[in-house]
1. Counting only residues that are surrounded by 14 or more Cβ atoms within 10 Å (Cβ to Cβ) and part of a strand (DSSP E or B), how many does segment A:787-811 have?
2. Being touching a His at 6+ places or on another chain (Cβ under 7 Å) and away from RNA strand B (no atom under 11 Å from the Cβ), is that true of even one residue in segment A:771-781?
3. From A:Y605, A:Y544, which residue is in contact with a Phe, Trp or Tyr (Cβ under 6 Å, 6 or more places away or on another chain) and either surrounded by 20 or more Cβ atoms within 10 Å (Cβ to Cβ) or at pLDDT below 90 (or both)?
4. Can you pull out the residues in segment A:398-434 that are closer than 30 Å to A:N156 by Cβ, more than 14 Å from RNA strand B (Cβ to nearest atom) and out of contact with any helix residue (DSSP H, G or I) (no Cβ under 9 Å at 6 or more places or on another chain)?
5. Take the conditions farther than 29 Å from A:L515 by Cα, surrounded by 15 or more Cβ atoms within 10 Å (Cβ to Cβ) and not basic (K, R) and apply them to A:Q415. Does it pass?
6. For segment A:225-251, which residues satisfy the criterion of being out of contact with any strand residue (DSSP E or B) (no Cβ under 6 Å at 6 or more places or on another chain) and in contact (Cβ under 8 Å) with a residue 12 or more places away in the chain?
7. Would you confirm whether or not segment A:702-722 contains a residue that is under 19 Å from A:R665 (Cβ atoms), within 11 Å of RNA strand B (Cβ to nearest atom) and at pLDDT 55 or above?
8. Would you mention how many residues in segment A:336-355 are closer than 20 Å to A:A381 by Cβ, touching a Phe, Trp or Tyr at 6+ places or on another chain (Cβ under 7 Å) and aliphatic (A, V, I, L, M)?
Amino acid sequence: MADYKPQELDKKWQAHWTSSKAFEVDTDPSRPKYYCLEMFAYPSGHAHVGHVRNYIIGDVMARTKRMRGFNVLHPFGWDAFGLPAENAAIKTGSLPKASTLANIAHMKGQLQRLGISYAWSREIATCLPDFYKFNQWIFLKMLERGLAYRKRSTVNWCPVDNTVLANEQVIDGACWRCGSIVEPRDLEQWFFRITQYSDELLAGLDTLTDWPEKVVVMQRNWIGRSEGARVKFALTGSPTPFVEVFTTRIDTIYGANFIMLAPEHSLVAEFADRSPDPAAFRARAQAFRSQERDVRMGGKEGFDTGRQAINPFTGQAVPIWVANFVLGEYGTGAVMGVPGHDARDFEFAKLYDLPITIVVEREGERLSAETMTAAHAGAGALVNSGEYNGLPWEEANRRMTADAEARGVGEGTVQYRLRDWGVSRQRYWGTPIPVVHCEKDGVVPVPYADLPVELPEIATFTGRGDSPLAHVPEWVNVTCPACGGPARRETDTMDTFVDSSWYFLRFCDPANTELPFDPAPAGYWMPVDFYSGGVEHAILHLLYSRFFTRVLRDLGLVNFDEPFKRLLTQGMVLKNGAVMSKSKGNVVDPDDMIEKYGADALRLYVMFVAPPEKEIEWSDAGLEGTFRFLMRVWRLVDHWCETIGGEGIPACSDDCTDAERALRRKTHETIRRVTGDIEERMHLNTAISSLMELVNELYAFSEGTARGAPSRAEAPPGRVERAQTIAALHEAIDALVVMISPFAPHMAEELWQRLGHPGGMEKAEWPSFDANVAKAAEVVVPVQVNGKLRGRITAPAGASDDQLRELALADPAVRGHIDGKTIRKVVVAKGTLVSVVVS
RNA sequence: GCGGAAGUGGCGGAACGGCAGACGCGCUAGCCUCAGGAGCUAGUUGGAGCAAUCCAGUGGAGGUUCGAAUCCUCUCUUCCGCACCA
């Protein structure tokens, strides 16, 4: 009788996995590959149970796939750049590099103590030059292809600290440190031209059939394709000949009673210059601009510029307004106001008492501009629209777009919400952007041979002033690679999302010093077969990765479009109803749980409470429950080893008693369900349920022959004599240990060894399902009469529908309900139920 | 406002359109133990009954079907995402 000592097993087998390099892999074209990846971690210092859930999910998949015969790549790395390390440096003086590396070391220990089966030799950290060198390499390639470019853009500026703030550093419009109100400020910044791939990124979504629908929808909305038209309204008394608007409803143009410009529209400046009081005009427009842009419906404001434009369809002059809710970055930055048929325009018109014209009505409908309380934004046929009267709105839309094109006053066009990706960050702890600014040659890329441009070590962080790198003169001042004259390095660093946009490719070839990765191993391992992580990355990270994959494809480095075949977004772990966080004081440290119950119990519990994509509420009691289950498994197998194991196990044959046959059936049924639950449905909780059922069955089976796992108090167990009983138990126990190993690998290894299998579980094979064994010899089929269960019949397995029908109608319990009545219908459903309808 | 997902015991959650509540937690009773926060056995949706069993039951109202937690329509509630994108 051996006691279950999980902590000892954890240590023993983790050491074994490390020394035997159990999870290290190489490309092997002769075997099917499986790339299993969890989103890499930000090294915040301590992983809590919420983080760790994701790694366990991936590990269950990786371990299962290994035993299913796949060559499994399961790597891990660190998303190590980012603001928190820099903020900590500002607050506590800890240097970003030192604190990040220390955090990584600690968290790596945590993951190892959980027994996650990573190929640690492929570990990467984005803050190390051998990784970020290739951020720079890719940046230069994108620069060459016009996919990276500079333009002026607005940032959050703290006027007191005199520094740029990241969005996360702006709290309710104020600086996180000093609380002063943040101002918009224009800076020259770098952008990636993701919009060049808008259409492709949108179309690619249709191929992502193994992604959660929710994520696909979010990306589709984010890309935000809409078809419409640009229409030119001629200007009167202006050097600019016209103002162009974008609309998806050109069919409502006869109702366009005004034009609205975004405050930053170029015409606003021009109008200001030519207005009686330019300063006041500009100030009004500027006031709209600097307001928080997220003023919701109801916060509308605007003013009349005093200028007019000609509606190209009606020929009438309409006033031009500036409106705070018109977006400068979308469409043309100008819209036509159709108050009768757009909720926002209606509100604006009511606010400033502008005229409303009805131009679309449903059949039999009679709208009145005076009495209507909301815009009629829906479908209908045109009225008050000249030659287009009576046309259904969609047809009118097509005709009017064509007519506008013919007359040269507009054109059909497609707009996207997606904007180019601003990658400049005025921060220290990121990848230096590899260009220099030369007075003579302008922006000059750093030659590839000079990569990486390494981050200089900085001693102190104040969080004040412009980019920290600008204050390191010996780093900033260089000679221009083009002319040899004096030049300054770019002092902005890259958004950390650049790192995460291609790190999964680096894992395929992590030591490459010449290229981000070699196309050959990437071609073998990619795409990632299974990717899991938090929903919070549903848009940015996953979209940027899809963008980068296409860029790298166009560079000839990969030959596919989509990096992640199957995606799982795991739910969060709550404690006391809230997401775990240090400030709330409700974090559960996996190390504490491991110390108490061992890694296996923690792993099993987190997988058992709910399906992976659901939120779970942490419960100590639940963890104890799964620990008890492990004890049950341990005692069962321990007992088996003590009494029978190792004595020469006979093979299963057909010479079985009913009980033996039933056990074998349960074993194979469990194999089928567990395999499907893990591989197909990712319902890890029900996979565990099935294993629990098998264990229960084994305990029940042992009653009367030998107790499978007697309580300590009980007398020594009897021996199992019958060969077929031994064979069936052996089959069940082997299968159980293998199938539980993805969840509880340490215990499984120990038991596997005790069961006498050589070579450790890395040599173990997943049990194979035998449909013939799983099939019952006879089936009990319920019989319904008029929807109510009235009897059960026993029939040989594989009985035909006709046989079942006959048996059902002959059954005495059923006869009692149908005699004297007319049988209308008898349905046999998939051989598992008979339904009789009588009247 | 738009979009998505979901509503099942005291709780977490199971149920290819086919015996609702698997599995577990908690709880109840009993056994076993020096003791137990260990182990074992039985019970645990509600109502009726000693019982076998019967009736009701998956947010609500309709519908399709021999048969609906599951599919359709409407409705209520909750959670999530986006949010003045013209």
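1. Qualifying residue count, segment A:787-811: 5.
2. Yes, there is a match, as at least one residue in segment A:771-781 is touching a His at 6+ places or on another chain (Cβ under 7 Å) and away from RNA strand B (no atom under 11 Å from the Cβ).
3. Answer to the selection: A:Y544.
4. If the condition is that a residue be closer than 30 Å to A:N156 by Cβ, more than 14 Å from RNA strand B (Cβ to nearest atom) and out of contact with any helix residue (DSSP H, G or I) (no Cβ under 9 Å at 6 or more places or on another chain), then A:G422, A:S424 are the ones that fit.
5. yes
6. If the condition is that a residue be out of contact with any strand residue (DSSP E or B) (no Cβ under 6 Å at 6 or more places or on another chain) and in contact (Cβ under 8 Å) with a residue 12 or more places away in the chain, then A:G237, A:S238, A:P239, A:T240, A:R249, A:D251 are the ones that fit.
7. Yes; the residues of segment A:702-722 include at least one that is under 19 Å from A:R665 (Cβ atoms), within 11 Å of RNA strand B (Cβ to nearest atom) and at pLDDT 55 or above.
8. Result for segment A:336-355: 0.
The values are calculated or read from the model by the stated rules, or taken from the named source; none is laboratory data. Worth saying up front: this structure is predicted, and the values here are computed from it rather than measured. Glycine gets a Cβ as well: all are built from the backbone with ideal geometry, and neighbour counts include every protein chain shown.
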